[in-house]
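The values are calculated or read from the model by the stated rules, or taken from the named source; none is laboratory data. Predicted model only: the values in this text are computed from it and were never measured. A quick note on method: Cβ atoms are made from the backbone with ideal geometry, for glycine too, and the neighbour counts reach across all protein chains shown. Accessible surface is based on the protein model in full, side chains and every heavy atom, while ligands, DNA and RNA are left aside. Shrake-Rupley method; radii C 1.70, N 1.55, O 1.52, S 1.80 Å.
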Amino acid sequence: MATILVVDDELGIRDLLSEILNDEGHTVELAENAAQARAVRAVLRPDLVLLDIWMPDTDGVSLLKEWASSGLLSMPVIMMSGHATIDTAVEATRIGATAFLEKPITLAKLLKAVDQGLNKTGVKTGAVLTPAKNGFNVAVELTVESAMTGGTLPEMVMDIGPQSQQSFNLEGPLREARDEFEKAYFEFHLAKESGSMTRVAEKTGLERTHLYRKLKQLGVDLARSKRNAL
């Protein structure tokens, strides 16, 4: 699999991303600031970098620009932030960032962005134009995330998702019935909370890493459960 560098000054985010990516089979290197990121980049050639925008020493956009100007931007870089502006997103895209993840990061978005980055399936950047009835093109208003992904809009998916009332087969063994119920329970809350692992963890009373492992154990289709968050 891939070697991924996670750069973020928040320990909890580094640990969570590392846990998820390790479970997906990737090798994960961690850095809590730009200085550590430079050191890791000097020794390794990561296949992909997850880079926080706001950090205490050097911000992520400045580090991205530094790598680009020195010829070190040979890998896809996915920017992360909870409060980026569209101007920042556009600047990072112009420099060479391939995608943007808004915090709190949902599991489905993380895995999709990483997969696209590693497979170089990112879309081109630029203004978004859609055909109008009168034959002219009109610009679509950009959000921060759409600006970072080239102005593409989310796919419209008709999926009513898991329902609050369901029926279960009570004729089988207790363990199978319990697993069936727990899977439906977590799928319902993932859909209800738009794929936010943080909110589902709070709702169910589980720590996020434990929750992630539980979902993997139950075989919950995370991409489907959270596609509306994508």
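Label residue 169 and residue 44 with points 7 Å out from Cα along Cα→Cβ: what is the distance between them in nm?
4.4 nm
For the range 20-114, build the convex hull from the C-alpha positions and give me its volume per residue in Å³. Please list the in-between numbers first.
Values: hull volume 9.2 nm³, N = 95.
Looking at the range 20-114, the number lands at 97 Å³ per residue.
If I stretch the segment between residue 203 and residue 103 completely, what's the gain in nm (0.36 nm per residue apart, minus their alpha carbon distance), one decimal? All intermediate terms of the calculation are to be shown ahead of the outcome.
On the way: separation 100, 0.36 × 100 = 36.00 nm, distance 1.83 nm.
Full extension from residue 203 to residue 103 adds 34.2 nm.
Tell me, what is the FRET efficiency for residue 210 and residue 3 to the nearest 0.05, using R0 = 30 angstrom and their Cβ-Cβ distance as r?
On the way: r = 26 Å, r/R0 = 0.88.
The computed FRET efficiency comes out at 0.70.
Just to verify a number: what accessible area does residue 203 come out at with the full protein assembly present, 1.4 Å probe, Å² rounded to tens?
100 Å²
How much of the accessible area of the range 1-129, in percent, comes from carbon and sulfur atoms when a 1.4 Å probe is used? Display every interim value, and only then the final one.
Details: 2980 of 6000 Å².
Answer for the range 1-129: carbon and sulfur cover 50 percent of the accessible area.
Taking the simple approach of a point 7 Å from Cα along Cα-to-Cβ for both residue 27 and residue 177, what is their distance in nm?
4.8 nm
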